[in-house]
Amino acid sequence: MKKLSTSKIFYCIYIGIIFAFFYLPIAVTMFFSFNSSKSLTHFTGFSMRWYVNLISDNEIMAAVSVSISIAIFATIIATILGTITSIGLSKCKKIVRELLLNVNNVPIMNPEIVTAIGFMILFSSLRISKGYMTMLLAHIAFCTPYVITSVYPKVKTLDPNLVDAALDLGATPFQALYKVLLPMLKEGIFAGALLAFTMSFDDFVISYFVTGNGVSNISIIVYNMTKRTNPTINALSTIVISIIFLTMLVVKIVPYIVRKRRKETLHEKIS
Amino acid sequence: MKHFKHMTGPYILWSAAFIVIPFLLIILYAFTDGGLSLMDASFSLDSFQEIIDPLYVTVFSRSFQVGLITTALCFLLGYPMAYMITKFDEKVQPILILFTTIPMWINLLLRTYAWISILSDNGIFNMLLGKLGLAPVSIMYTGISVNIGLVCNFLPFMILPIYTSLSKMDPALLEAAYDLGANKLQAFTRVVFKYSLPGVLNGVILTFLMAISAFVIPKLLGGGQYTLLGNLIENQFISVGNWNFGSAISFILAVVILFTISFLKRIDPDDED
Amino acid sequence: MNKKIIELKNITKTFEHHQVLKGIDLTIYENEFLTLLGPSGCGKTTILRIIGGFEEADSGSVIFEGTDMSKLPPYKREVNTVFQKYALFPFMSVFENVAFGLSLKKMDKKVIQEKVEHMLHLVGLRGFEKRNINQLSGGQQQRVAIARALVNEPKVLLLDEPLGALDAKLRKEMQVELKKIQKEVGITFIFVTHDQEEALSMSDTVVVMNEGIIQQIGSPIDIYNEPKNRFVAQFIGESNIVPAIMKEDFLVSFDDQDFKCVDHGFLSNEDVEVVLRPEDLILSKPEYGQLTGTVTSITFKGVHYEIIVNSHHRDYKVQTTHYYEVGTEVGMSVIPDNIHVMHKMKEA
C-alpha cells in the first residue's frame, strides 16, 4: 500500500482511458446542454434556455410521459406476472418447467430486431391498430422474461418446506404466499423490477416497430431528431442519464452501506 | 406446495401468444410468397434464394466483417481492462465493475447521440484536430464511426465475463506456476489465459452476435450508406414492405444466434442451468 | 392412554411409477411417542407428510379422532410439524417465528406474548426473542422449530428427522430434551428417523418400515428382543442370524446342535432363522460350550470387546468384557430365553 508500483500507475491510466471512452461523450453532451448558443463545439456561456425549451416542447414532453407511464405499467405487470410464474415454475412438472424456461429465454437471446418484427407481424395479423396499447403489450412481453430470470433462481434456492411450514401453522395458501414467499423473494423481485423498468424506459428497437398513430417514447424522439443538431436533446439527455446514473449508484451502493452499518451495530452489541 | 403449480398457467398462455406465435409467424412469412396477406400464401423458398443476390451478399459479408472487427477490438481493449481490474484491492474491484456496468443501463440512443456530436464533420473531434493544426477528417457516416459506436457499446459485454473468469482464479495457481519455474509471460499464457478462456469465449461470441445484429448504431452513425443485417431487415419491413424477405433474414439471424448461444450454454461450466 | 387419535387405513402412494407406500395400516394413540423407523426411501417421511396434509394418499384414509380428514388441507388440521432442517422463516425474529401461527388466528397481542414467552421458556430459549434466526446455532434453531409448532397447541406433533442435522453430542442432549418436552405437554409425538438407537431410546412405540411396508410395530424392548423377521433383526442392533430347523416346539437345531428355546407354534421341521444378539453369547472354555470355535479377531469398543469367533460353520459376533488372544479355542453357549426364532423371510 505504501508505494504505487509503476505497473499500478499504468493500470490506473489504462482504466482511466477506457472509462473516458465510456463516459466522455456523455459528459460532453451534458456539458453543452448548458450552452447559451446552439453550438455543440463552442461553449459561449452558461444558460438554462435548452431546459426551458425542453419543458415547453409538447412533442418531447408527450414522449417523456409515454416513456415513464409505459415503463411503470410494464414494470408492474411484468413483475407480477414474472413472480407468480417463477413460483409456479418451481412446483410444476419438469417437462413444463423446461419447456417454459426455454421459451422464456428466446426473447432474451434473440436479437432485439427479430423480437421487434415478431411483435409487429403479430399485431398486424390480428389487425390491432398500432399505438400506446401495442407498445405496452410488447414492453410487458419483453420485460417479463427478465423478471423471471431474476426471480426464479431465488425461488429455486428456497427450502421447499418453508411454504409447508406456513400452511402447517395455519396459513392459507394465499397467506403463505404473501407472508412467507414474497418477503423471502423480495430482493429478486426488486432486482427484476429494476431491470424491467430500465429495459422498458431505454427501449428503442421494439417500440419503434410496434408503435403508430404518432405515439413516441423518448428513444423514438431522439432517433427522429438526430438529423439536426438540437441542444434540447442534450438537455433531455442530461436529465435522463443523471436519473439513471443516480438510481444505479443508489441501488448498488446503498445495500452495501446498509450491510456495513448493520455489521457495525452488531459489533457494538456484542462488545 | 402443490397449491402453487397452477400459477404458471397465465404465463403459458402469455408466452404462447407473445413469444411462440410471433416466432411462428416469422417462419410462416419466411417460407411463403404471398406478400403481406397470408390468405393467398403458398410454400416457397424464393426469399432464401433472393439472399444470393450480390447486393444482399455484400450486406451479409459487411455485417460479418463489422462483427469481426468489433469483436477483435473489444477483445484487445477489454482483456487488459478485465485483467487490470483483478489486480486492484478487493474493495475497489466492485466499484470499477459498477462503472463498467453503468453504461449498459443508459439509453443506447442517448449514448449514440453523444457520439454524433463528437464525431460529426464540425464536431468536437475535428475542432480539436484543428486546434492542433491538423486537417479535419471525415469519420462520421463511415465504417470507423460505426465501429467506434459498436465497440463503446459492447465493450462491457466483453469485460464482464472475462473479469468473472479471472476473479475466480485462485492466486495460488500463479504462485505454483512461478514455483515450478515459469517466468511472467509463461505464467500468463499457460495459466492465467487458459483459466480465463471460458470468459473469453463467452465475451467473444456475445459481442460478435450482438454486433452482426446491431441496428441502431449503424443507422445513426453510418447514415444510410452503411447497411448491416439489422438495417436490411428494417428496410424490408418499414420501407420496402417485403415481409417475406425480411422474415427470411430474421429467421436466419435468429436460428444462428439461438443455436450458438445454446451451444455456448452447454459448454460453459459456470452456468448452472 | 389408550384412546385412538389417528388411524391410517390401507394408505397407498405412488410417486412417478414408484410405489412408496404399499398399504399402510397404523393406529396411533393419545400421549404416545411413536417413531417411524426405517432406512431412507422406506416411506416414513411420506406417511408423516400424509398425516400433515402436504401429500394426498392415492387410496386409503386418514382418520383423526373418528372423522376422516384425508381431504383436509394442512392449515385446517390439528397437527403441527417440525421440519427437516427446521424451515424457520429467516426474515423473522425468534419471537415472530414462534408467534406466526397464533397471529394468523388473530389472537390478542397480549395472549400471544404470554404464550410465546411460555413456550420459549419450555424449550430453554428465554431471552432469545429478538434474535435473528441466522444468529442461532443448529440446536437453538431446532428448539425454535419445536416451540413454533407446539405453541399452537396441536393434538399431535410430527417431527421429520429433526435431529439429523445436529452433531452426535447435541443429538443425545436433544433426545432427552424432546422426551421431557413430550411428557410436559402430554400430546402425541410422531417421530421419523433412520437412527435405530434414537428410536429405541425415546419411543413408546416403534414402527419399523422397509420398502413401503410396515415390518413390525411394538415397544422398543419387543422390537429388540423379538424381531419379527430378518430385516428388523438386522436393522435394529447387531445380531447373528443363523439358518435353523425348528424340530418341535421349544427345540431348535442349528450348526448341528439342538438348542432349547422358548418359541413354539412352528411347523415341525420348518426352516427358520435364529437371532442371537452378540451380548447374549456367553464365552467359556471349549469343553463347557454348546458350540466351539476359534477367536479370529478382537476389537476394543470402550466398554466391551467385540470378538469374531469362527465355529467351523460360520463367524459369530460376540461381545464380552474379557480379553481373548486371537487363535484361542473357546466355547459358546446361550440360554433358551435369548434364542429368538423367526419365520424365514421370503425373498422379494
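Data for the structure
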{"quantity": "Cross-link partners of C:Lys247 among lysines (Cα-Cα below 29 Å; sequence separation of 8 or more within a chain)", "calculated": "C:Lys228, C:Lys260, C:Lys285, C:Lys317, C:Lys344, C:Lys346"}
{"quantity": "Relative contact order (%) - criterion: Cα under 8 Å, at least six apart; region: chain A", "calculated": "30"}
{"quantity": "Loop trypsin sites (Lys or Arg not before Pro), the stretch C:101-189, which have at most 12 other Cβ atoms in a 10 Å radius of their Cβ (DSSP)", "calculated": "C:Lys105, C:Lys106, C:Arg126, C:Lys130"}
{"quantity": "Qualifying GluC sites (Glu not before Pro) for the stretch C:235-314 [loop in DSSP, other Cβ within 10 Å: at most 15]", "calculated": "C:Glu238"}
{"quantity": "Dipole magnitude of the protein assembly as shown about its Cα centre (Cβ charges: Lys, Arg +1; Asp, Glu -1), debye to nearest 20", "calculated": "4260"}
{"quantity": "Antiparallel DSSP beta bridges within chain C, percent to nearest 5", "calculated": "75"}
{"quantity": "Complex-versus-alone comparison for the stretch A:110-126, residues with a loss of 40 Å² or more in accessible area, probe 1.4 Å", "calculated": "A:Asn110, A:Pro111, A:Ile113, A:Val114, A:Ile117, A:Met120, A:Ile121, A:Leu122"}
{"quantity": "Dipole axis of the protein assembly as shown (+1 Lys, Arg; -1 Asp, Glu on Cβ), positive-most option in A:Gln175, B:Ser61, A:Thr29", "calculated": "A:Thr29"}
{"quantity": "Interface burial for B against A (accessible surface, 1.4 Å probe, total of both chains, Å², rounded to 100)", "calculated": "7700"}
{"quantity": "Residues in the stretch A:21-45 that, when all protein chains are in place, have 50 Å² or more less accessible area than the chain alone would give (probe 1.4 Å)", "calculated": "A:Phe21, A:Phe22, A:Tyr23, A:Pro25, A:Thr41"}
{"quantity": "Only Lys, Arg (+1) and Asp, Glu (-1) charged, at Cβ; the stretch C:4-230 dipole about Cα centre in debye", "calculated": "640"}
{"quantity": "Angstrom value of the Kirkwood radius, inverse mean 1/r, which spans all Cα pairs in the stretch B:47-113", "calculated": "15.3"}
{"quantity": "Chain C - mean residue ellipticity at 222 nm from DSSP helices (-39,500 (n - 2.57) per run, n ≥ 4, rounded to 500)", "calculated": "-7000 deg cm²/dmol"}
{"quantity": "nm² value of the averaged projected area, convex hull over the Cα atoms of the stretch C:117-175", "calculated": "4.3"}
{"quantity": "FRET E, pair C:Leu72, A:Leu182, Förster distance 25 Å, beta-carbon r, rounded to 0.05", "calculated": "0.45"}
{"quantity": "Chain B: mean projected area of Cα convex hull, nm²", "calculated": "22.1"}
{"quantity": "Bins of 10 Å from zero: percent of alpha-carbon pairs in chain C", "calculated": "5, 21, 25, 21, 15, 9, 3, 0"}
{"quantity": "Sparse-neighbourhood loop sites, GluC sites (Glu not before Pro) in the stretch C:1-68 - DSSP loop, at most 16 other Cβ within 10 angstrom", "calculated": "C:Glu16, C:Glu30, C:Glu56, C:Glu65"}
{"quantity": "Solvent-accessible area, 1.4 Å probe, carbon plus sulfur percent, for the protein assembly as shown", "calculated": "61"}
{"quantity": "Relative contact order for chain C, counting Cα pairs under 8 Å that sit 6 or more residues apart, in percent", "calculated": "15"}
{"quantity": "Theoretical ellipticity at 222 nm over chain A - DSSP helices of four or more residues, -39500 (n - 2.57) apiece, nearest 500", "calculated": "-26000 deg cm²/dmol"}
{"quantity": "Summed side-chain charge close to B:Phe60 - residues other than B:Phe60 whose Cβ falls under 13 Å, Lys, Arg +1, Asp, Glu -1", "calculated": "-1"}
{"quantity": "Exposed-site-free run, longest, chain A (rule: trypsin sites (Lys or Arg not before Pro); DSSP loop; at most 16 other C-beta within 10 Å)", "calculated": "A:128-226"}
{"quantity": "Residues of the stretch B:106-134 buried by at least 30 Å² on assembly (accessible area, 1.4 Å probe, chain alone as reference)", "calculated": "B:Ile106, B:Asn107, B:Leu109, B:Leu110, B:Tyr113, B:Ala114, B:Trp115, B:Ser117, B:Ile118, B:Ile124, B:Met127"}
{"quantity": "Surrounding net charge for A:Ile221, when Lys and Arg each add one and Asp and Glu each subtract one, Cβ distance under 12 Å", "calculated": "-2"}
{"quantity": "Count, lysine Cα pairs under 16 Å in the stretch A:58-240, 8 or more residues apart or across chains", "calculated": "6"}
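The values are calculated or read from the model by the stated rules, or taken from the named source; none is laboratory data. The model shown is predicted, which means the values in this text are computed figures rather than measured ones. Note that we place each Cβ from the backbone using ideal geometry, even for glycine, and neighbour counts take in every protein chain shown. The accessibility values were calculated without ligands, DNA or RNA, using every heavy atom of the protein model including side chains. Shrake-Rupley method; radii C 1.70, N 1.55, O 1.52, S 1.80 Å.
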